[in-house]
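S.K.: What follows is a single structure, and I will ask about it in a moment.
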Amino acid sequence: MHAEPTSRRYISQRLKLHYADWGNASAPPLVLMHGGRDHCRSLDWIARDFARDYHVIAPDLRGHGDSDWSPDGEYPMHGFVYDLAQLIHQLKLAPVTIVAHSLGGNIAIRYAGLYPDNVRKLVAIEGLGPSPKMIAEWEKTPLADRIRAWIDNKRAASGRTPRRYATLDDALSRMKDENKFLSDEQARHLTEHGATCNEDGTWSWKFDPYVNIWPWLDIPQAEKEALWSAIACPTLLVYGADSWASNPEKDGRAKHFRNARVVSIAKAGHWVHHDQFEAFMCVVREFMR
């Protein structure tokens, strides 16, 4: 078991993708998955806690952290799901336990529905995506308008250069603005691992700016619900009481899961595992036992 993880690589769809390996290879596997515009080292606190009892693997999603960016700037959900499938297949991790946040949670939930025998337990932190209300509003926009908006957004992004910060402290200030719940120590750790130094000495975030432009097409909501219903393992859906995300127990989405428990954690926003780490870990440790 390592005090710090080892950086490793694997190949998926010709992309070299990075993951942090926390050692303890003879222990049961645990995959930690970060959210959008984030990176694998944002889960270090969880990794350190579980590294004694699990072989912890934390991948950087394509377009994030130290993983390759998609050459075409496209980041469809099925591409992310394939990457997770490749990681589990290549490293022979199944059956695996997964703890995943936001975008990572959405990916892990879909994988667990596709391969129910491969997932032992699943913790998804705000991982169900937009609420039914948000989806209904989005679907009011005609398809052609959605595609045109996607084209406009892609074109605008192609003309922008990634934001540069004069110093790492400037990037740190931006990180703190993004999440008021973060402690100074958390914010610095996230910034140091999430930013890279440019040739001119300025700093930029590691994620591909194109990850902000969501594809105009995804599988229908009914098909997502069918995948949720196919999940066989015990599932924990964690939500922050102060988050923008809709609680699936209240909006009806939880009914599609066979074996899921929904937990809301007080005084936490979207990054529940950062905002209330001890409360979050207490719930997850109990679930893992």
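S.K.: Given the options Lys224, Lys250, Lys180, name the one that is basic (Lys, Arg) and modelled with pLDDT under 95.
M.R.: Working: Lys224 fails: modelled with pLDDT under 95; Lys250 fails: modelled with pLDDT under 95.
One residue alone meets the criteria, Lys180.
S.K.: When you scan the range 1-13, how many residues do you find that are more than 14 Å from Leu84 (Cα to Cα) and not in a strand (DSSP E or B)?
M.R.: 5
S.K.: Out of contact with any Phe, Trp or Tyr (no Cβ under 7 Å at 6 or more places or on another chain) and among the hydrophobic types (A, V, I, L, M, F, W, C): does that describe Ala25?
M.R.: yes
S.K.: Search the range 143-173 for residues being loosely packed, with under 14 Cβ neighbours inside 10 Å and aliphatic (A, V, I, L, M), and hand back the single one that is nearest to Leu43 (Cα to Cα).
M.R.: Ranking the candidates gives Ala166 first.
S.K.: Hey, does the range 60-68 have a residue that's touching a strand residue (DSSP E or B) at 6+ places or on another chain (Cβ under 7 Å), in a loop (DSSP other than H, G, I, E, B), of a type in the set (Ser, Thr, Tyr) and within 30 Å of Arg160 (Cβ to Cβ)? Can you show your working first?
M.R.: Of the residues in the range 60-68, the ones touching a strand residue (DSSP E or B) at 6+ places or on another chain (Cβ under 7 Å) are 60, 62, 65-68.
Then keep just the ones that are in a loop (DSSP other than H, G, I, E, B); that gives 60, 62, 65-68.
Now restrict to residues that are of a type in the set (Ser, Thr, Tyr): 67.
Okay, now just the ones that are also within 30 Å of Arg160 (Cβ to Cβ), so 67.
Yes.
S.K.: A follow-up question, please. List the residue pairs whose Cβ atoms are under 8 Å apart, where the first residue sits in the range 141-163 and is under 11 Å from Tyr210 (Cβ atoms), the second is assigned to a helix (DSSP H, G or I) and hydroxyl-bearing (Ser, Thr, Tyr), and the two are 6 or more positions apart or on different chains.
M.R.: Qualifying pairs under 8 Å: Lys154/Tyr210; Ala157/Tyr210.
S.K.: Quick one: is Ser229 surrounded by fewer than 21 Cβ atoms within 10 Å (Cβ to Cβ), touching a His at 6+ places or on another chain (Cβ under 8 Å), small (Gly, Ala, Ser) and not in a strand (DSSP E or B)?
M.R.: So Ser229 passes the test.
S.K.: Of all residues in the range 78-128, which are assigned to a loop (DSSP other than H, G, I, E, B), of a type outside the set (A, V, I, L, M, F, W, C) and either within 27 Å of Ser243 (Cβ to Cβ) or within 17 Å of the chain's Cα centre (by Cα) (or both)?
M.R.: Ser102, Glu126, Gly127
S.K.: Quick one: is Val211 within 26 Å of Gly63 (Cα to Cα) and either surrounded by 15 or more Cβ atoms within 10 Å (Cβ to Cβ) or modelled with pLDDT of 95 or more (or both)?
M.R.: Details: within 26 Å of Gly63 (Cα to Cα): yes; either surrounded by 15 or more Cβ atoms within 10 Å (Cβ to Cβ) or modelled with pLDDT of 95 or more (or both): yes.
Yes.
S.K.: Only one of these conditions is not met by Ala245: (1) surrounded by 14 or more Cβ atoms within 10 Å (Cβ to Cβ); (2) out of contact with any Phe, Trp or Tyr (no Cβ under 8 Å at 6 or more places or on another chain). Which number is it?
M.R.: Result: Ala245 passes all but (2).
S.K.: Let me ask something else. Which members of the range 174-195 meet the condition of being surrounded by 13 or more Cβ atoms within 10 Å (Cβ to Cβ) and of a type in the set (Ser, Thr, Tyr)?
M.R.: Across the range 174-195, the qualifying residue is only Thr191.
S.K.: Another question, then. State the number of residues belonging to the range 196-208 that are exposed (fewer than 12 other Cβ atoms within 10 Å of the Cβ) and touching a Cys at 6+ places or on another chain (Cβ under 8 Å).
M.R.: So the answer is 0.
S.K.: I would also like to ask the following. What is the number of the single condition among (1) hydroxyl-bearing (Ser, Thr, Tyr); (2) touching a helix residue (DSSP H, G or I) at 6+ places or on another chain (Cβ under 8 Å); (3) under 23 Å from Gly269 (Cβ atoms) that Ser102 does not meet?
M.R.: Going through (1) hydroxyl-bearing (Ser, Thr, Tyr); (2) touching a helix residue (DSSP H, G or I) at 6+ places or on another chain (Cβ under 8 Å); (3) under 23 Å from Gly269 (Cβ atoms) one by one, Ser102 breaks only (2).
S.K.: Looking at (1) part of a strand (DSSP E or B); (2) surrounded by fewer than 24 Cβ atoms within 10 Å (Cβ to Cβ), find the lone condition where Val56 falls short.
M.R.: (2)
S.K.: Working only within the range 145-189, note down all residues that are farther than 20 Å from Trp216 by Cβ, charged (D, E, K, R) and touching a helix residue (DSSP H, G or I) at 6+ places or on another chain (Cβ under 7 Å).
M.R.: Lys176, Arg188, listed by residue number.
S.K.: Which one of these is closer than 27 Å to Arg258 by Cβ and of a type in the set (Asp, Glu): Asp44, Asp117, Asp60? Spell out how you get there, then give the answer.
M.R.: Numbers: Asp44 fails: closer than 27 Å to Arg258 by Cβ; Asp60 fails: closer than 27 Å to Arg258 by Cβ.
None of the other options fit; the residue is Asp117.
S.K.: Taking the range 129-167 as the region of interest, how many residues are in a helix (DSSP H, G or I) and within 30 Å of Trp228 (Cα to Cα)?
M.R.: Number satisfying all stated conditions: 15.
S.K.: So, one more: Restricting the first residue to the range 99-123 and requiring it to be among the hydroxyl-bearing types (Ser, Thr, Tyr), which pairs with a second residue that is surrounded by 23 or more Cβ atoms within 10 Å (Cβ to Cβ) meet a Cβ separation below 6 Å and a spacing of at least six or different chains?
M.R.: What qualifies is Ser102/Gly35; Ser102/Glu126; Tyr111/Leu84.
The values are calculated or read from the model by the stated rules, or taken from the named source; none is laboratory data. Not measured: the values here are computed from a predicted model. Heads up, the Cβs are rebuilt from the backbone with ideal geometry, glycines too, and the neighbour counts pull from every protein chain shown.
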